[in-house]
Each structure stands twice: as structure tokens, then as C-alpha cells.
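Q: Dropping the structure in here first, questions after.
The values are calculated or read from the model by the stated rules, or taken from the named source; none is laboratory data. Here the structure is a predicted model, which is why all the values come from computation and not from measurement. Quick reminder, even Gly has a Cβ in these numbers, built from the backbone with ideal geometry, and neighbours come from all protein chains shown.
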Amino acid sequence: MNPIYLDYNATTPVDPVVAATMIPFLTSKYGNPSSSHFFGKEAKLTIEDARNKVACMIGCHSDEIIFTSGGSEANNLAIKGVALVRSGKGNHIITSVIEHPSVSEVCHYLEKLNFRITYISVDEFGQIDLQELTEAICPETILITIMHANNEVGTIQPIEEISKIARENRIIFHSDASQTIGKIPVNVSALKVDLLSIAGHKFYAPKGIGALFVRRGVKLEKLIHGADHEQNIRAGTENVMEIVGLGKAAELVTGDEVREPVTVSAMSPREKLWDLRDKLYQGIKQLIPEVRLNGHTTNRLPNTLSLGFPGVDAATLLNEMKEIAASAGAACHAGRNEISNVLQAMKVPSEFALGTIRFSLGRMTTIDEIKMAIQVIADAYMRLTSESSRSEIIKLVSSSRSPGCDCKIRPQILEEILKKLSYSDDKSVLVGHATSDDAAVYRIDENNCIVETVDFITPIVDDPYTVGAIAAANALSDIYAMGAQPLFALSVVNFPVSKLKIEVLQRILQGASDKVAEAGISIIGGHSIDDNETKFGLVVTGKIHPGKIIRNSTAIPGDVIILTKPLGTGIITSALKKGLAEQDAVDKAVKVMTELNLSTAKVMEGFPVNSCTDITGFGLLGHLKEVLEGSKAGAEIFAGEVPVIAEAWKYAAAGCIPGNALNNADFVKSITRWEEDIPELLKTIFADPQTSGGLLVTLPEDLASAFIGELKKYGNKEATIIGKIIKGDTVIFVKKKLINPL
């Protein structure tokens, strides 16, 4: 049995009537609309019929409809099109802080082209401040772009009032109506907008088709150049089949708008949505009184219900109620759950924002589904919050907001914090936070130093024993990178006692204990906190002679750079969190992450290693940057020599990118020079936050082969020379050399 579908704001199923209308255009009606023969004319007439239906749906002339590949393209065409064609009149654009990424990202892009963007705030209900918008207008303002209704909370914006303000100031006004078509009346004559975006898959048409309303007289710079399709605004042979589907879906919407109830007691389609949505809310509220409604209480889409559940993480709750398909209100960007910009802008308290789920109903939703959903949601919430009903099923990965070292604070923030801290003047502190080394080193006497390190991560797999083993290997890695010998460890634990059985924590500790035993030490104590999210790590104490400390800031030009483990663990675990990873790939990543860097540490004892660091949360280039800044040198990296777990390419291409990979890439952007034709995916892999990654070792070139040979004796077949340290500024030159991802 399929789950109850309550995610219509994400996408709608294609209406069977729409699908039936499209089928002939897969088989017998295959003409190119630009052809002059029968088949071409047939296709052309069909497109114009669909255009007329879309125009009728929103109350405009058919020549004011431009077909696009969807709402995102329509938004891009509207905003960039106006900005480029009117740049001679001004460079100021006004939008809101809660727009869809296909609007906000376009605005960020235009800022790079010297356009000035004003982002209007919203109140606690998600409605924009009209006074703030009015005050933001200046002589250079050329465009206002505000969504009709918000996709997350459903709040409807005062579009007619904004239109009035725009007209009074002779400013073009665009609105993204992707979420409102088919749910509330959308008539451009009443709204008085100049541009309006439409997304077909939001109202039972197929994905990959949309439209942009362009009021007569509004000029746009086209984005796709070619032939003169779509009134020379959007080049490209028309997608006839999907345009037909869009036209039929529009016709159905128009029919719903004009259809009167058969009897006085009968409800219109919109009234039915309202009724079912309110029944869902009332039913949940009755069983979970503490739940919080996000968005306007009345002025919101009739199908949309955004609820904040306190004391739980949205991803965990969604995973617990598998019988329902809904979306987290905390937007999952690149596998990392964060409070969405919409909920932040509305100042929703974090305890509710992190537990926010959006339920959105549609044409096919039934009262029986709503009744069942109420009970499923309540039962799932009670299982997660009740002391007496801890879950029997262990779901550590889905309950973590970001797995493993991807949970680390972004390096840019850490740099700023460290700059503001005063350094210790204790002469016995040989390594402290003044550098980016992996651990702190304190001299006891002329022959002995204490090495101290701590690492603390979220679960990266579901198996508790493996979670403990990975966390232990990850923590020990810092000790090995310094050239030190571990002595003992203390555990640091966050554990949701109310969610998971205590046996889960016992298994985590057992996995960690067994792993540190491989290093010849024990966990002799620790500290624990009852917390909503599972986290585990170790404080490891080690020892080293003062003259044998290996720093990450002492690389010498001429050194070769050796990496001892393959990259890609962050990407694979991101795929695991999304449910896309195959077991074989997970097994490979787990093998890499549970392997101690002990053998490398032993080999380093016999070689004059100049510098070393472990590759973890900041990615390969992020940690290399720290080495180079401390060593006051540059580096060349031979991209084709860098070992990568093969499946990481596939999952990166599928969009399984850890959240901190983007931060890591930004961290090294200013110092990295990429040779032409380096694949974009490889750039992502080089920024992939690793958990329990390999060591990055630099040593004289004439000793490299012997060093790798010794590693192979310990079974390490992945260690390889990936580059060299060079004289000059702190710059990383990445060269192609033997790139072969297949």
C-alpha cells in the first residue's frame, strides 16, 4: 500500500484526463510546430489551443503567454529579462526574504552584476511589510518581485496592493504564482501584475512545463537564443506533448473556478480542500495540543498546513510515519537539515522550526485519508516523545541533521572566532589554538609532552556499534597526525534517552571501546547529556617527545604530498541519509572510516615527515589550505592521482552533496586555481567533508616511494602521491593529470 500523499505543494500527480490528452503526442502526433506540412500545422494549432486555455485560466490575452520549461525558468526569464532590458534606467530590484530559490538565487546572481537588491522582511505570519516595501523604492528601482503565496506555510501576499504601489511608481511587478494556480483565483486583470510565473506540475500537469504571463508592452531580454519561437522571447522547439498537458490542466482549473455546487450543501473543490485541511489540523491539535501552526491563520492557501512539533526533529518524525508522504519545513539542502529561511524570517522559535512539517492536500485527497493521517501522525509523535514507548527501530542517520563531520561549524566562522581570542602566554603550550593544528600539545618536561584532542560527531550510519567505531577512529586520527602515541580516552555523549533504548548507547560505547583497543588504549571515563540528537565523540590523551611533534605548518617546498585514504565518504553518507546509497558503496565508505590511521603513524616514525594533518570536515583542499598558510607555501595537486571511492562520482552527480561541501568550497575559493576542463564534480569531491579520513603527509620527494612501499606492507593500497609543495604565495594549483572517473 502506498503512503498517504500529503505533499501536493511539492508536486501533484498528473491528472488522468491530462495524461490521456498527452498520449497521442507520444505516438501519432509528432510534428514539429515550425514545419509547414500537415503534421507541423497540426502541432502548431494544438500549441495555440493550449496557449488560449492557459490565457483563459488567468484572464489574459493568448499572446501574453510564453511557454517555458517550468516555474524556475519563468522566474529566471522574468527577473533577468527585466533587469537586463531596463538596466539603463536603474539597477535596483525589490524582493522578499521568503522567496523560492528560483527567485532569490537569481537576485543573488544579479548582485554579482552590480544590481542592488532589497529584501523586504515579513511578520510572524509570513506577510511582507508594505510600508517597508514602499520606503525601499528609489528612482533606480526597476522591478518588484514578490511571490503570490508561500510554498512552505501558504501565506498569501497582498498582490493587488503591491501592484498599486508599483504602478504609482512606474515599476514593473512580477509575481511567482506557482503555488496559487488551481488553489485560489488567479486573474491577472484583477491582480494587475506585469509578469506572472506558472508551474504546470503544481496543478496536475506534467513536470518540465510552465509559462510566463508577459503583459502587452513589457519588454524582456531573452535568455535562450536561437530561432524566433515564442514571439522571439524563448528559443527552442516547443515541447508539444507537455504544452498540451498544461493546456488541459488549465482547462480543468478553469472548470473548477466556474463550476457551482450541485446542491446548497455541496462544496466547491476549494471549499473541500479548506474543509479537509482544517479537519487535519483540528484532529492533530486535539491529540497533540502543543503543536504550533505556522503561517497566517486565515489568509493562506486552502490546502496548506505547516505545523511545528516541539521536541522532535522533522526528519526523524517523517521517518517515523512512513505511511505518510509529506515534507520537512526545515529545508533539506544538500542532505543537511537546517531551519528554512522562511521560518527564520517569521521568527518561528527553533524548537518548533526544527520540528516543522508541511502537509499539503490536493484534488485526490479523501476524508478517509485525513482520518488515517491524524492517527498516524499522533502515534508517531507519541512514540518519539513518550518515555514509555522508545522506538525499537534504530534510525540514527535520519535523526541527525547532518551526518559525521558534515556537522562541523563552517571553517570561515571558526577563523573569525579564533582571531578574537587571546593566545596563552604559557611557554609550556607548544601547540594551541593560535595555529590550525589537529591537537593541543603541552610540555611536561624536556622529554615529555601531553597531546590532547577532542572530536565529536553525529551518527553517520544506523548501526550503533559502527557509529562508535567510526567516531573513535575519527578522534584517534588527530593524535596520529601529530605523531603522538595515544594513552587513554574519555567519551563525550549526547543521547536522546526518551527516543532510543539505552541499549543503543551501550552498543555505541562498545564499538568505540573495541576500536580504541586496536590502538592499545581504553575509554576510562566520560561525560553524557540527555539531548534530542545523538552525538558521540572522544577526548583522547596522548604523549610525545617535544622534538618529535609533527605539525601541519612545517611543510617545505619540494615536499611531495601523500594522501593515505580515498575521498568520498561525505558524499556516500549523504546518499545514505537520502535513501539513495547502495549497500556496497556504504560498506566501502564504512571500511574507510573505521580504519585507524595507526599504520600510517607507525610508518611515519621511520621517516623525516615535515608536516601532517588529517582530512576530515574541511575537505581535502580546506585542510591543505591550513597546511599551506602555516607553512607559507603553495601547492600543486594532480587531480587524476587523488584516490576517490568510485561510487562518490555517481552520488555527487545525483545531487547527494553534504551541506558543508559548499562551505568548504567557498573557504578555499580565493586561493584555488583550477586548470581548464577540471570537472565540476571533482571540485565538489575535493570539498567533500570526510569523517575519519586519511592523513595528508608531506616529506622529501626522494623518500616518497619508500614511504608508500612501507604503507603497502600494512595493506594500504590507496596511499598515493597527489601533489607537491611549491615556493610562493598560498595558492593551490589543481591540474588535470589522468582524470578518469569511470
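Q: Looking for something surrounded by fewer than 20 Cβ atoms within 10 Å (Cβ to Cβ), of a type in the set (Val, Ile, Thr), over 26 Å from the mean Cα position of the chain (by Cα) and at negative phi - is there at least one such residue anywhere in the range 675-685?
A: No, there is no match, as no residue in the range 675-685 is surrounded by fewer than 20 Cβ atoms within 10 Å (Cβ to Cβ), of a type in the set (Val, Ile, Thr), over 26 Å from the mean Cα position of the chain (by Cα) and at negative phi.
Q: Checking residue 194 against (1) over 32 Å from the mean Cα position of the chain (by Cα); (2) closer than 19 Å to residue 86 by Cα; (3) surrounded by fewer than 17 Cβ atoms within 10 Å (Cβ to Cβ): exactly one of these is not met. Which one?
A: (3)
Q: What helices (runs of 4 or more DSSP H) lie completely within the range 212-330 and have 2 or more residues being at pLDDT 90 or above and over 31 Å from the mean Cα position of the chain (by Cα)?
A: Counting at least 2 such residues, we get 229-232, 240-258, 269-287.
Q: For the condition closer than 30 Å to residue 457 by Cβ and not hydroxyl-bearing (Ser, Thr, Tyr), what is the one hit in 683, 735, 724?
A: 683
Q: It is to be established whether one or more residues within the range 645-658 are outside any helix (DSSP H, G or I), among the aliphatic types (A, V, I, L, M) and under 19 Å from residue 564 (Cα atoms).
A: yes
Q: If you go through the range 575-583 one residue at a time, do you hit one that is in the same structural domain as residue 450 (by TED's automatic domain parsing), within 30 Å of residue 655 (Cβ to Cβ) and in contact with a Ser or Thr (Cβ under 8 Å, 6 or more places away or on another chain)?
A: Yes, the conditions are met somewhere in the range 575-583.
Q: Applying the selection to the range 558-617, what residues are of a type in the set (Asp, Glu) and under 34 Å from the mean Cα position of the chain (by Cα)?
A: The answer is 582, 584, 587, 595, 614.
Q: Any residue in the range 222-235 that is outside the structural domain of residue 65 (by TED's automatic domain parsing) sitting within a Cβ distance under 9 Å of a residue that is hydroxyl-bearing (Ser, Thr, Tyr)? List the pairs, counting only those 6 or more apart or interchain.
A: none
Q: Sort out which residues of the range 192-211 are outside any loop (DSSP other than H, G, I, E, B) and not aliphatic (A, V, I, L, M), and write them in order of number.
A: Within the range 192-211, 197, 200, 201, 202, 210 qualify.
Q: A follow-up question, please. Consider the range 159-184. How many of its residues are over 33 Å from the mean Cα position of the chain (by Cα) and either closer than 21 Å to residue 221 by Cα or not hydrophobic (A, V, I, L, M, F, W, C) (or both)?
A: So the answer is 10.
Q: Just the residues that are part of a helix (DSSP H, G or I) and within 20 Å of residue 716 (Cβ to Cβ), please, taken from the range 602-623.
A: Of everything in the range 602-623, those that are part of a helix (DSSP H, G or I) and within 20 Å of residue 716 (Cβ to Cβ) turn out to be 602, 603, 604, 620, 623.
Q: Moving on. Tell me which residues, restricted to the range 455-464, are surrounded by fewer than 22 Cβ atoms within 10 Å (Cβ to Cβ) and outside any loop (DSSP other than H, G, I, E, B).
A: Within the range 455-464, 456 is the sole residue that qualifies.
Q: Take the residues in the range 1-38 that are in a helix (DSSP H, G or I) and loosely packed, with under 15 Cβ neighbours inside 10 Å; name whichever of them is farthest from the chain's Cα centre (by Cα).
A: So, considering only residues that are in a helix (DSSP H, G or I) and loosely packed, with under 15 Cβ neighbours inside 10 Å, the one farthest from the chain's Cα centre (by Cα) is 38.
Q: I'd like the full set of residues that are aromatic (Phe, Trp, Tyr) and either surrounded by 17 or more Cβ atoms within 10 Å (Cβ to Cβ) or under 30 Å from residue 383 (Cβ atoms) (or both), limited to the range 465-519.
A: 465, 480, 495
Q: In this structure, is residue 665 in contact with a strand residue (DSSP E or B) (Cβ under 6 Å, 6 or more places away or on another chain), of a type in the set (A, V, I, L, M), in the same structural domain as residue 476 (by TED's automatic domain parsing) and surrounded by 19 or more Cβ atoms within 10 Å (Cβ to Cβ)?
A: Against the criterion (in contact with a strand residue (DSSP E or B) (Cβ under 6 Å, 6 or more places away or on another chain), of a type in the set (A, V, I, L, M), in the same structural domain as residue 476 (by TED's automatic domain parsing) and surrounded by 19 or more Cβ atoms within 10 Å (Cβ to Cβ)), residue 665 does not qualify.
Q: Does residue 546 fit the bill of being at negative phi and in contact with a helix residue (DSSP H, G or I) (Cβ under 8 Å, 6 or more places away or on another chain)?
A: No: the conditions fail for residue 546.
Q: For the range 532-566, which residues satisfy the criterion of being charged (D, E, K, R) and under 19 Å from residue 455 (Cβ atoms)?
A: Scanning the range 532-566 gives 533, 535, 543, 551, 565.
Q: Something else: Could you tell me how many of the residues in the range 365-400 are at pLDDT below 95 and of a type outside the set (D, E, K, R)?
A: Number satisfying all stated conditions: 16.
Q: So which residues in the range 54-76 are in contact with a strand residue (DSSP E or B) (Cβ under 7 Å, 6 or more places away or on another chain), of a type outside the set (Ser, Thr, Tyr) and more than 16 Å from residue 191 (Cβ to Cβ)?
A: 66, 67, 70, 71, 73, 75
Q: Turning to a different aspect of this structure: Among the residues of the range 703-722, which ones are assigned to a helix (DSSP H, G or I) and under 24 Å from residue 625 (Cα atoms)?
A: 703, 704, 707, 708
Q: Also, I was wondering about something else. Answer yes if at least one residue in the range 25-46 is of a type outside the set (D, E, K, R) and touching a strand residue (DSSP E or B) at 6+ places or on another chain (Cβ under 8 Å), and no otherwise.
A: Among the residues of the range 25-46, not one is of a type outside the set (D, E, K, R) and touching a strand residue (DSSP E or B) at 6+ places or on another chain (Cβ under 8 Å), which makes the answer no.
Q: Would you confirm, using the coordinates I've provided, whether residue 208 is modelled with pLDDT of 95 or more and crowded, with 24+ Cβ neighbours inside 10 Å?
A: no
Q: If we keep just the residues of the range 528-560 that are farther than 20 Å from residue 691 by Cα and of a type in the set (A, V, I, L, M), which is surrounded by the most Cβ atoms within 10 Å (Cβ to Cβ)?
A: For the range 528-560, the residue satisfying everything is 555.
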